[in-house]
1. Report, by residue number, each residue of the stretch 72-106 that is modelled with pLDDT under 90 and within 12 Å of the chain's Cα centre (by Cα).
2. When you check residue 74 against the structure, is it in a helix (DSSP H, G or I), within 17 Å of residue 109 (Cβ to Cβ) and either in contact (Cβ under 8 Å) with a residue 60 or more places away in the chain or touching a helix residue (DSSP H, G or I) at 6+ places or on another chain (Cβ under 6 Å) (or both), yes or no?
3. Within the set of pairs 6 or more residues apart or between chains, which connect a residue that is free of Cβ contacts under 8 Å to residues at least 40 places away in the same chain inside the stretch 36-49 to a residue that is surrounded by fewer than 17 Cβ atoms within 10 Å (Cβ to Cβ) and assigned to a helix (DSSP H, G or I) with Cβ atoms less than 7 Å apart?
4. For the stretch 15-44, how many residues are surrounded by fewer than 18 Cβ atoms within 10 Å (Cβ to Cβ), part of a helix (DSSP H, G or I) and touching a helix residue (DSSP H, G or I) at 6+ places or on another chain (Cβ under 7 Å)?
5. Output yes when any residue across the stretch 4-15 is touching a strand residue (DSSP E or B) at 6+ places or on another chain (Cβ under 6 Å) and at pLDDT 95 or above, and no when none is.
6. Do the conditions hold for residue 73, that is, is it touching a strand residue (DSSP E or B) at 6+ places or on another chain (Cβ under 6 Å) and within 22 Å of residue 97 (Cβ to Cβ)?
7. Quick test of your reading of the structure: residue 48 fulfils all but one of (1) part of a helix (DSSP H, G or I); (2) exposed (fewer than 14 other Cβ atoms within 10 Å of the Cβ). Name the failing condition by number.
8. So residue 53 clears everything in (1) surrounded by fewer than 18 Cβ atoms within 10 Å (Cβ to Cβ); (2) under 13 Å from the mean Cα position of the chain (by Cα) except one condition, right? Which one?
């Protein structure tokens, strides 16, 4: 399957927003803070390495991770890291609201026309 290159990956919901919350060190979740956060693939990979090195108990203590997600968050971040690697995406953008909001946010922040691919 041919994948587009140099196109941002936009992540929404649980794993993506948790990834952003951890990156920001949020003790309490803030939708406005995570929406639009742009992370280079290296930052996602570094966070994955940190999560894989931690026990579930240690993950529960990391700011931004809800205790009930501590056992599965590394697997979700691993999927995003692999997608970024496979596509060669230059950036991972998070959106608290949904994929359409994420696409609209990305288009507005780069000045791309709404119908651009």
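The values are calculated or read from the model by the stated rules, or taken from the named source; none is laboratory data. This is a predicted model, so every value here is computed, not measured. Positions of Cβ are generated from backbone atoms using ideal geometry, with glycine treated the same way; all protein chains shown enter the neighbour counts.
1. Correct list: 95, 96, 102.
2. no
3. 48/78
4. Qualifying residue count for the region: 3.
5. Within the stretch 4-15, not a single residue is touching a strand residue (DSSP E or B) at 6+ places or on another chain (Cβ under 6 Å) and at pLDDT 95 or above.
6. Details: touching a strand residue (DSSP E or B) at 6+ places or on another chain (Cβ under 6 Å): no; within 22 Å of residue 97 (Cβ to Cβ): yes.
For residue 73, the condition - touching a strand residue (DSSP E or B) at 6+ places or on another chain (Cβ under 6 Å) and within 22 Å of residue 97 (Cβ to Cβ) - is not met.
7. Unmet condition: (2).
8. In the conditions (1) surrounded by fewer than 18 Cβ atoms within 10 Å (Cβ to Cβ); (2) under 13 Å from the mean Cα position of the chain (by Cα), residue 53 misses (2) alone.
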